[in-house]
Structure formats: C-alpha cells, structure tokens
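The values are calculated or read from the model by the stated rules, or taken from the named source; none is laboratory data. Keep in mind the model is a prediction, meaning the values are calculated, not measured. All Cβ positions, even for glycine, are placed from backbone atoms using ideal geometry, and neighbour counts span all protein chains on display. Please note that ligands, DNA and RNA were not included when accessible areas were found on the heavy atoms of the full protein model with its side chains. Shrake-Rupley method; radii C 1.70, N 1.55, O 1.52, S 1.80 Å.
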Amino acid sequence: MAATAVVTQLWCYPIKACQGCRLSTATVSGSGIEHDRAWCVVDLDGTRYKQCEQLSQRKLSYLATIQTELSNGELRIGADGKDGVCVPLDPEAYMGNQAVLVECGSKSTTSAGAWQLGTLEGRIADDAVNTWLSEHLNTVDVGKRGKPAARYALVRSMGCRRMSEWAGPSQVGFSEDLNRQRDGTGSPFKMQHVPVQQGDEVRFTDFSAFHLANEDSLAQVEKQMGIGPYPLGAFRPNIVVSTAQGTGQPWAEEDWLEFGIRGQDGEMEFRKFKNTPRCSVPARNPKTGGWVHEARRLLVQGTLRHMFPEKCLDQEWGAEWEGPCFGVHVGNAGACGSLSEGDRLFVHRSARKSRLPKYFWQAVCIGLAVLAIHFFCFGFSLYFLGLGEDPDANSAQDFASTARRSMNKFEN
C-alpha cells in the first residue's frame, strides 16, 4: 500500500504559548511529544490576568517572544537581546518548590464567553527564572502598562489530565457553568461520539495531545489570501505533513479517521478527534506576537470562513470554540515511541466520499437497463423474422446462417 503523506516537520512547544522547538526526531510519551506543553506561565497574584490560570496568546500574545530550546537535560529560555535562563527537564527537580493548582481555561476569542477544562497540579520554577520571566513580560506587554507589574511564574506540570473527562463516550455532561467545568462535573463540549480513549492525556494543551496540519492545505489558503507565504507556525502544529508524491491533496487530513505513521521503529497508530476551530491566535506572528497582516488582522480567519462556511458551525464545540477550521486534533491513546521527519503516513480508515457526480450510479443503472431492453427487443426481432422458422438451428453455424436470413428479411 502506497503512503498517503510524509511527515515534513515535528514541533514541540515546551512552554504553552511560547515559541516551539523543531525536532528531527521526537520521543512520544503518554501525553504527546515529550515535554510538549509541560510548562506554562501564570500570573501568581492575579495582578494583570486571572490568578494561576495558564496563560495563552489569547490573553498575552507577547508570550510568543519567548524562545525555547531543549538541550542536555535542560530547557533553555531566552528572548532577543537578552541573556537567557535554564530550567531542568526532570519534574523531580521541582519537588521542593512551591506547589500551585493551575486552572486550565481561557477566554474565548470567538464569543464573549470563557471555558474551563479542569485544573492541573504544578510546581513553580526557581526565583531567578521567575524574575527573568516577570521582567521580560512586564516590559513587552504594552497593553497592560497601566496596571501594576505582575509577578509571573513558570510552572512545571506534575501530572496529566485525561481527555475522557471532557470529551468522548465517558465524558461528563455538557454544562455552561464555569464552576462545574473547573471542578470536572461539567464539560463545555458535546462530544460523546468522538473516539477518545482512557489513555488520551494532555498537560497544558487546550484539547488533544497532537495537532496535525497539512502543507497542501496551507498552500491553498495562501493562494486564496494572495499575500504570499504564511507562517505555518502560527497554527502551532505538532505534526506537519505533505501529501505523498507531490499529488497535492489539500484538506485530505480532515478525512483520515484512523492512520498510522511508519518509521524505523514501526508504526504508531492515530485517531482523528475533530477538525480544529481557530481563534485569533493564528493571525499573530509566532515569533513576535504582533499581527501577521496589520491592515487586515483577521485575514486568515476570514479567508477560511469564506472558503468553508459550513465548517464554522459545529455545535459539539459550543459557542466558545466554534470558528473557521484548520488542522485536526488527533490522539494515540497514550502510546509511546518515536516519530521522525520523513516518516510515512498510511490511512487505514477514511471518511472521504466518492468524487463521482451525485447521480452517477443511478445513471449507470438506468443505462444498463436500457441496454438490456435493447438486446431483449433485438432478440425477439430475430425470432419473429426468421429464427423461429428453423427449429433445428442449434449449432453456432446454423444460428449465424439463420441470423443472416433474418436480417435480409428485415432489410427487404
């Protein structure tokens, strides 16, 4: 079986909402690519933002100015023109630090509401790291300069959250009550049919452990926008693919219900959960936090909405999440292994519908019926015009001779 696509890029985002690290080979742990969204930034006192809520670019777009690098058992954090700091990767190194319960929610940029997906225990980094983080963010966050400086902290997750609590066959019931969403007795989603399994876990990711994007889909959006190349990093994918052999199949990823990514260590199985609705974050530069297109700030969202208006309406997400879609949320039930750039993707189950015209098969059946009637009538014509006069015509030669006599009678 030929591969459907090839993996062209792999990305890990160690700190939620900050810049990512491109990986040639990625270790996959129980909660996605190892170290992906294992850290987040919080406002410890609630001075500028909600206290101890994981901050995203929805609220603090300048988190995009923070650079990350995984190296020699450490996470290096930096920014342009500034000396950086380092924190250990091992969660055990944080056990003596202050504990904090992080609220995993945010405000919506597609509605006036907000949402919560429970809480997650974490421990803050050392004082030197938090001081660096506070100085940097209080400087670049120009929209909040009218407020007192915040005390920001980098938080290392000490566990995972199960997706099955808010999506899938065993999810809790839908509720718009943020308090119920926070304590895990209500979900902002209506996704009982989504194939979430008990092993699907995340840390500070908004929804699923993996986000997959297709370069061919982006190329079509770029063509529609007409402004040149658009940064794929603005969509923050973990797995980037391109359809194999240059066939160029935009949006094919939305049909891949079950697929495997095959590399040197074997094949890792994935399941599609949902198309990814987009907030305003993909309209921002993934390295500066500013708008990609200042004159038309939400150009990419408007383009997607114009191209596929029907995708913007999905009541399973709820009003706080509905929006134009790009990319897909996928999961692997917590399987461990590795992925590498160049690995091949094989689709095992697809939702793709036939590309034949709507009434093609009906037309085929009608055509066959007409053809059958034609031969039936022709046979009767042969019989009445001469075949019935020769009852001994039971050999191929006799049949041919009789047919010729019949046709001569028909012509005369």
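Some notes on this structure:
- Selection of segment 28-52 for residues being of a type in the set (D, E), farther than 24 Å from W291 by Cβ and either surrounded by 19 or more Cβ atoms within 10 Å (Cβ to Cβ) or at pLDDT below 95 (or both) yields only D36.
- For segment 321-332, the criterion of being more than 30 Å from D80 (Cβ to Cβ), small (G, A, S) and touching a residue at least 12 places away in the same chain (Cβ under 8 Å) is met by at least one residue.
- Residues located in segment 217-232, provided they are open to solvent by 30 Å² or more (accessible area, probe 1.4 Å) and not polar (S, T, N, Q): A219, E222, K223, G226, I227, G228, P229, P231
- For segment 92-135, the set of residues classified as over 30 Å from W321 (Cβ atoms) and part of a helix (DSSP H, G or I) consists of E92, A93, Y94, D127, A128, V129, N130, T131, W132, S134, E135, listed by residue number.
- A5 fulfils the conditions (1) closer than 14 Å to G233 by Cα; (2) within 18 Å of the chain's Cα centre (by Cα) except for a single criterion, (1).
- Test: residue in segment 59-70 that is under 23 Å from D183 (Cβ atoms), of a type outside the set (F, W, Y) and open to solvent by 50 Å² or more (accessible area, probe 1.4 Å): yes
Results for (1) assigned to a helix (DSSP H, G or I); (2) under 17 Å from the mean Cα position of the chain (by Cα); (3) without any contact (Cβ under 8 Å) to a residue 12 or more places away in the chain, shown as yes or no for each residue.
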site: S217; (1), (2), (3): yes, yes, no
site: Q224; (1), (2), (3): yes, no, no
site: G248; (1), (2), (3): no, no, no
site: E253; (1), (2), (3): yes, yes, no
site: E258; (1), (2), (3): no, yes, no
site: F270; (1), (2), (3): no, yes, no
site: F273; (1), (2), (3): no, yes, no
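- Test: T288 is over 16 Å from the mean Cα position of the chain (by Cα), open to solvent by less than 40 Å² (accessible area, probe 1.4 Å) and not hydrophobic (A, V, I, L, M, F, W, C): no
For (1) in contact with a helix residue (DSSP H, G or I) (Cβ under 8 Å, 6 or more places away or on another chain); (2) at pLDDT below 95; (3) closer than 30 Å to T65 by Cβ, each residue gets a yes or a no:
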| residue | (1), (2), (3) |
| --- | --- |
| S106 | no, yes, yes |
| A114 | yes, yes, yes |
| A128 | no, no, yes |
| T139 | no, yes, yes |
| G146 | no, yes, yes |
| L154 | yes, no, yes |
| S157 | yes, no, yes |
| C160 | no, no, yes |
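- Taking residues in segment 161-186 that are touching a residue at least 40 places away in the same chain (Cβ under 8 Å), and partners anywhere that are among the basic types (K, R) and surrounded by fewer than 18 Cβ atoms within 10 Å (Cβ to Cβ), the pairs with Cβ atoms closer than 9 Å and at least 6 places apart or on different chains are F174/K190.
- Residue check for S208: open to solvent by less than 30 Å² (accessible area, probe 1.4 Å) and either over 22 Å from the mean Cα position of the chain (by Cα) or of a type in the set (A, V, I, L, M) (or both): no
- Per-region count, segment 175-206, residues at pLDDT below 95 and of a type in the set (F, W, Y): 1
- Matching residues in segment 162-198 - criterion: being open to solvent by less than 60 Å² (accessible area, probe 1.4 Å), in a loop (DSSP other than H, G, I, E, B) and of a type in the set (G, A, S): A167, G168, G173, S175, G184, G186
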